[in-house]
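Below is one structure; the comments refer to it alone.
The values are calculated or read from the model by the stated rules, or taken from the named source; none is laboratory data. These numbers come from a predicted model, not from an experiment. Cβ coordinates were reconstructed from backbone atoms using ideal geometry, including for glycine residues, and neighbour counts include every protein chain displayed. What goes into the accessible areas is simple: the full protein's heavy atoms, side chains included, and nothing from ligands, DNA or RNA. Shrake-Rupley method; radii C 1.70, N 1.55, O 1.52, S 1.80 Å.
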Amino acid sequence: MTIKEILIKYSNDLENISDTPRLDVEMLLKKALGDVDSMYIRMYLDKELTDEQEKYFLEMIKERLNERPIAYIIGNREFMGLDFFVKEGVLIPRPDTETLVEEIINICNNKSELNILDIGTGSGAITISLAKYLNDAHVTSADISDVALEIASKNAVSNDVNKKIDFIKSDIFSNISREEKFDIIVSNPPYIKKEDIPGLDRQVKDFEPYNALEGGEDGLDFYRKITEESKYFLKNKGILAYEVGHDQASDVIQIMKENGFESIYTKCDLQGFERVVIGFYNN
């Protein structure tokens, strides 16, 4: 089959599965053809795939038709202009989270000797992006998952920031010393209500790690735990920064107010939802 024939046939096949069927097919084609770029696909529409390339593509498209997320199939996802290795066991980085990272960079770009704690690092998307784009920052990256820490460490090396990051296995603050104080504590914790998990898209609930999704009965368990304990780990005027669900900003703001945080504000994602909540703590 030619590139053009594959694009037409399998874009149609994926219409009921993906919001971006042609892009999905193009990404799988690029992988099958040896990690070529998008321009190659557009320039060589009449190119015939070799038997080996076609076999590889058909194996991948079969997985996609079974609703396996594209990022897990090709093994990577772009985030903040950086490339991240991903596999089952870590949440796939999402564009929504870039709003959180961009705001922290905006707040801290001119500050020096920043000490940052990222709780629930997953693939390392937040940790590594902050280490990459904040020149004078050191990040402690905590996760309870061995798989997440392994993948995040690999991503830190591939993005050349491993010397700026300490990876720690920790259940929230359990292995973080209170002697160490942070300028910023950031987290994109599990925030989906337990009762809502069965209704999630199959591509999420059947493939991405449950522990990275479920946030308790009301979705706010981790916000309560992190906010209550963060006061012992923040420097004076330290920042607590969260990604939240599209309808959770007001609840998270209230939790932060109850714990003494001030000057709390939100940032909206590209769809206009308040997806970032940031507050300051004065010791």
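Structure summary
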{"read-out": "Estimated [θ] at 222 nm from DSSP helical runs (n ≥ 4, -39500 (n - 2.57)) normalised by residues in the chain, nearest 500", "value": "-11500 deg cm²/dmol"}
{"read-out": "Within the accessible area of the chain (1.4 Å probe), percent carbon and sulfur", "value": "46 percent"}
{"read-out": "In segment 149-283, lysine pairs closer than 17 Å at Cα, eight or more apart or cross-chain", "value": "14"}
{"read-out": "Per residue solvent-accessible surface (Å²) - the chain, probe of 1.4 Å", "value": "49 Å²"}
{"read-out": "Kirkwood Rh, angstrom, the chain [1 / mean 1/r, Cα pairs]", "value": "20.1 Å"}
{"read-out": "Tilt relative to the chain, helix 3-13 - C-alpha long axis, 0 to 90 degrees, to 10", "value": "60 degrees"}
{"read-out": "Mean Cβ neighbour count within 10 Å, used as a protection proxy, ranking 26-35, 104-113 highest first", "value": "26-35, 104-113"}
{"read-out": "Dipole magnitude of the chain about its Cα centre (Cβ charges: Lys, Arg +1; Asp, Glu -1), debye to nearest 20", "value": "560 debye"}
{"read-out": "Nearest-ten-degree value, helix 95-108 long axis tilted from longest Cα axis of the chain", "value": "40 degrees"}
{"read-out": "Using θ = phi - 60° and Karplus 6.51 cos²θ - 1.76 cosθ + 1.60, couplings along segment 189-199 (whole Hz; Gly, Pro as x)", "value": "x, x, 9, 8, 4, 4, 5, 8, 4, x, x"}
{"read-out": "Computed lengthening from ASN12 to VAL147, 0.36 nm per intervening residue step minus Cα-Cα distance", "value": "45.1 nm"}
